[in-house]
Amino acid sequence: MNINFESLLYEYESLSSTQIEAKRLFSIGVRRAVVTAKRQTSGRGRHSRCWESPDGGLYVSFLFTPQIRPSLLHLVNIASALAVRDTLRSWLKIPAILKWPNDVLVEPSERKICGILCESGIDSDRVSYCVVGIGINCNKSSIPSDLIARACAIDEFVIEPNRDELLRLVAEDFFSRVELLDEASSELLTEYREKCVTLGRNVRMDTNGGIILGTAIGIDENGELIVKRNNGKIQSFSAADAFHAKIEK
Ligand code: BTN
């Protein structure tokens, strides 16, 4: 699908969070938008964490209304992770990989290059809006020092990455996937299962109820991670943090 990218673009020097601005735009009648800021003063991550957002990163939120039932919203997560992974690999030749549910890491160190936060509003059993927030580290020098061991940036692979072009390519890939969410949901899940490196790995799941160790053996049609626990029980996870155990070399 060809989107008219420029007509969707809302660009800011600084915002508290592109997520908040995207939701504000929805509240005044905007139905599709690409909201980006050079920096965020209160960037937000998953599980109500903060997302450090100094100058030098790519911070964007996509606002749209997918034509899907609320029960299929996990597909939006999957589409966004695939869009970032594929764009980093195909356009910038960065060895990006997917960690369930939607972290984009880089091989072989498995440091995180991108985080994704999907939020939505539901009204009488239909999705009224989705806001998909994507934060991509572009400059190593702007990664906070306490995260440097676990995070990496595009400029470790590509000199002077063109952030505008990266944003356009991710947006085009993403919007072309969300157009097909309903009719191509099983193909999307199949593609995600092929590309998500969490499958087959020993994992540590951090849940509200404590830490669970096991092996990731599947991703079900709801996008949940199926784990065979070390005690032999099978358990599905929808929202836990997953950590890969290091591969012994
Ligand atoms: C994560 O916890 O991994 C998700 C991080 C998502 C960060 C992005 S940056 C653009 C958008 N605006 C925000 O405040 N958060 C998301």
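Among the residues making up the range 89-104, those that are within 16 Å of the ligand (Cβ to nearest atom) and either in contact (Cβ under 8 Å) with a residue 40 or more places away in the chain or farther than 17 Å from Phe157 by Cα (or both) are Ile97, Leu98, Lys99, Trp100, Pro101, Asn102, Asp103. If the condition is being farther than 22 Å from Ala239 by Cα and surrounded by 15 or more Cβ atoms within 10 Å (Cβ to Cβ), then the range 64-73 contributes Phe64, Thr65. Among the residues of the range 56-88, those identified as of a type in the set (S, T, N, Q) and more than 13 Å from the ligand (Cβ to nearest atom) are Thr65, Gln67, Ser71, Thr87.
Consider the range 128-147 and keep the residues that are away from the ligand (no atom under 14 Å from the Cβ) and in contact with a strand residue (DSSP E or B) (Cβ under 6 Å, 6 or more places away or on another chain). The one that is farthest from Val104 (Cα to Cα) is Ser128.
Can Ile20 be described as near the ligand (Cβ under 8 Å from one of its atoms) and not in a strand (DSSP E or B)? So Ile20 passes the test. Taken over the range 29-48, the residue count meeting the criterion of being of a type outside the set (D, E, K, R), near the ligand (Cβ under 10 Å from one of its atoms) and surrounded by 12 or more Cβ atoms within 10 Å (Cβ to Cβ) is 7.
Restricting attention to the range 1-20, the residues being surrounded by 15 or more Cβ atoms within 10 Å (Cβ to Cβ), out of contact with any helix residue (DSSP H, G or I) (no Cβ under 9 Å at 6 or more places or on another chain) and over 24 Å from Glu179 (Cβ atoms) number 2. Only a single item in (1) within 13 Å of the ligand (Cβ to nearest atom); (2) in a loop (DSSP other than H, G, I, E, B); (3) closer than 25 Å to Glu221 by Cα is not met by Ser53, and it is number (3). When every residue of the range 63-77 is checked against the conditions, at least one turns out to be over 15 Å from Glu172 (Cα atoms) and small (Gly, Ala, Ser). Candidates are the residues of the range 1-17 that are within 13 Å of the ligand (Cβ to nearest atom) and polar (S, T, N, Q); the one that is farthest from Val132 (Cα to Cα) is Ser14. The set of residues from the range 224-243 being part of a loop (DSSP other than H, G, I, E, B) and touching a Gly at 6+ places or on another chain (Cβ under 7 Å) comprises just one member, Asn230.
Strands (runs of 3 or more DSSP E) fully within the range 74-193 that include at least 2 residues being of a type in the set (Val, Ile, Thr) and surrounded by fewer than 23 Cβ atoms within 10 Å (Cβ to Cβ): 111-123.
Any read-out appearing in this document is the output of simple, stated calculations on the displayed coordinates, not a laboratory observation. Keep in mind it's a predicted model, so treat the numbers as computed, not measured. Ideal geometry is used to build each Cβ from the backbone, glycine not excepted, and the neighbour counts take in all protein chains shown.
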